[in-house]
Amino acid sequence: MQIMFSVEPFSVSFVRGISPFFLVCLKYFKGHTESKFLNSLHHPVGCNRVKDCCVNTFRSFSSPFENSTVHPSGLENREELSREGCNDHLCELCGWGDADNALLLLARMEAVGFRPNATAYVCLITALGNVGRTLEADAILQDMLRLGFKPRLNVYNVLLRCFLRKGLLRVAGQVLVEIDNLGIGRNRETYEILLDYCVHSGRLEDTWTIIGEMRREGFQLNSFVYSKVIRLYRDNGMWKKAMSIVREIKEMGVSLDKKIYNSIIDTFGKYGDLGEALEVFEKMQEEGIKPDIMTWNLLIKWHCNSGYIDHALELFAKMQEQGLYPDPKIFSVLISHLGEQGKWDIIKNNFENMKCRGHQKSGAIYAVLVDIYGQYGRFEDAEECVNALKVEGIQLSASIFCVLANAYAQQGLCEQTVKVLQLMEAEGIEPNLIMLNVLINAFGVSGRHLEALSVYHCIKESGISPDVVTYGTLMKAFIRAKKFDQVPVIFKEMESAGCTPDRKAREMLQNALMVLEQRHI
């Protein structure tokens, strides 16, 4: 774990400032966006951001609570709230996920001399961290420390998760050092956050290091850990080993829960054994375990990828009958496969069924994605697309922006993919590694491998650590461009970075080497 989190002597707040990534946007966007829009993005955020906001707010309002329309609960009644009332309402806003209005309320509180209490600070950091707004979360933490509050471990865990989601390993390492320096001690959640990142980024050795450390610290391996181990083996092509882990779990008397069942279904699905996946699906229900949205998503995805679209649609309908809110990521999978087959009537019928079931907001996202994938063309411009979702009252999140960017990327619309990223930042949501991987893919699909390579270099320069998907997507871009000699170079970089190549990466390497060998014959 020391290798993975190489700590250098800089503050956690080093991520403030203009990201080098935007050099790529400026270089390759070819003037499709006004310069003032680009320049307005990603302003440096310091600990005085809240104070600056307070000053501006104080000038704009005769009373910090007069005529307020922050939220339907609490501040619109023109009653002057107490400090305790403000703190309670701040926590409510954070609980609803309304980080923007929570920050506005904080500014108004400070404008009249109110200070949030420790609980309100924790709620605000958590709300910002959950939507990927790392800069603001860190700024609030610095304010909290300066005022003499001593954050508990849960606050550092929120920041750790937030930084790792963005791929900022060095900064995450600094958070771990801070935890150790304060003598707080890491808990199970800390280790699970680290484990989740290592598995997703394909870091096999680091995963086993974390598991070993958990054992030494006396933490028993639970279903979360075992589900991650199963996934790790599966992603490295060792699916039989993954299934042997399941037998070991049973022999140890550990009950199979939803996490483990989802990992087993995912393993069978990835290797095309859909019959086994459905049997596991039935078994988990017989044992009284209710499938969640992830269970349904996995089954739908793997049936689509295997060409069984009709069965995937049946599962999609059953999922909605269970009262589960459809995931936009699954929309993309279904629409792209149905669109390729020209089955727009089926897409329209599914859209109507969703509206009948009351999934209005979900239906709006579905309609926008259908448009992007090519039937209507009304949302060729990403800004119009985002505005349409806002009109429907949809709360934009990093996940939705990534889905939209991926939809444009699949169509090879690089400029619109970049614009989605810019709009995401304009909403205060910082680009994460998933979004940047999508951008690499967009350039790759369009045959612009040099731009894809530039994004990769900017990822590294900005302090973000590429994962297996980054390297795999870059390899695919060079294969499309018939630059086979660069594939082994990227593969070696992946190994040097501590990422264990997955099955797809190894297959791409073998294919590239075969082509190079044939050229030399």
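The values are calculated or read from the model by the stated rules, or taken from the named source; none is laboratory data. Everything numeric in this text was worked out from a predicted model, so none of it was measured. We place every Cβ from the backbone using ideal geometry, glycine too, and count neighbours over all the protein chains shown. Ligands, DNA and RNA are excluded from the accessible area calculation, which covers all protein heavy atoms including side chains. Shrake-Rupley method; radii C 1.70, N 1.55, O 1.52, S 1.80 Å.
What translational diffusion coefficient, in µm²/s and rounded to a whole number, does the Stokes-Einstein relation yield for segment 363-521 at 25 °C and a viscosity of 0.890 mPa s, taking the hydrodynamic radius as the Kirkwood radius over Cα pairs?
Approximately 148 µm²/s, per Stokes-Einstein.
Work out, step by step, the length gained on full extension between MET252 and LEU513: first 0.36 nm times the residue separation, then minus their alpha carbon distance; give nm to one decimal.
Difference between extended and current length: 89.6 nm.
Leaving out ligands, DNA and RNA, what percent of the accessible area of segment 216-343 is carbon and sulfur, probe 1.4 Å?
The value for segment 216-343 is 48 percent carbon and sulfur by accessible area.
Can you give the FRET efficiency to the nearest 0.05 for ARG378 and ALA118, using r as the Cβ-Cβ distance and R₀ = 41 Å?
Taking R0 as 41 Å, the efficiency between ARG378 and ALA118 is 0.25.
Assigning unit charges at the beta carbon (Lys, Arg +1; Asp, Glu -1) and nothing else, what dipole magnitude in debye, to the nearest 20, does segment 93-208 show about its Cα centre?
140
How high is the relative contact order of segment 142-208, given as a whole-number percent (alpha carbon pairs under 8 Å, six or more residues apart)?
Relative contact order of segment 142-208: 27 percent.
Note the full-extension length gain between SER244 and LYS483 as 0.36 nm times their separation in residues minus their Cα-Cα distance, in nm to one decimal.
Additional length available on full extension: 82.1 nm.
Any chance you could tell me what percent of the C-alpha pair distances in segment 412-473 go past 19 Å?
25
Using the Cα gyration tensor of segment 294-392, with a ≥ b ≥ c the square roots of its eigenvalues, what is the shape: rounded (a/c below 1.5), prolate (a/b larger than b/c) or oblate (neither)?
oblate
Hand me the GluC sites (Glu not before Pro) from segment 182-232 located in a DSSP loop with no more than 13 other Cβ atoms within 10 Å, in residue order please.
When the GluC sites (Glu not before Pro) of segment 182-232 are filtered for loop state and at most 13 Cβ neighbours within 10 Å, GLU217 remain.
For the pair SER306/ILE346, report the inter-label distance in nm, with labels modelled 7 Å from Cα in the Cβ direction.
Calculated label separation equals 1.6 nm.
Give, as ranges by residue number, the residues of segment 262-279 whose backbone N falls under 18 Å from the point 7 Å along Cα→Cβ of ASN222.
What the label zone holds, given the 18 Å backbone N cut-off, is 262-263.
So, R0 is 25 Å and r is the distance between the beta-carbons of GLU205 and VAL177; what FRET efficiency does that work out to, to 0.05?
Efficiency at R0 = 25 Å is approximately 0.75.
When the dipole is taken about the Cα centre of segment 100-144, and only Lys, Arg (+1) and Asp, Glu (-1) are charged at their Cβ, what size is it in debye, to the nearest 20?
So the magnitude is around 120 debye.
By average Cβ neighbour count within 10 Å, what is the ranking of 383-394, 495-506 from highest down?
Per-residue mean Cβ counts within 10 Å order the peptides as 495-506, 383-394.
Over the Cα atoms of segment 195-274, Rg to Rh with Kirkwood Rh, two decimal places?
On the Cα set of segment 195-274, Rg over Rh gives 0.95.
Suppose R0 equals 35 Å; then what is the FRET efficiency for GLU84 and GLN322 from their Cβ-Cβ distance, rounded to the nearest 0.05?
0.25
Where nothing but the Cβ of Lys and Arg (+1) and of Asp and Glu (-1) is charged, how large is the charge dipole of segment 401-487 around its Cα centre, in debye to the nearest 20?
So the magnitude is around 440 debye.
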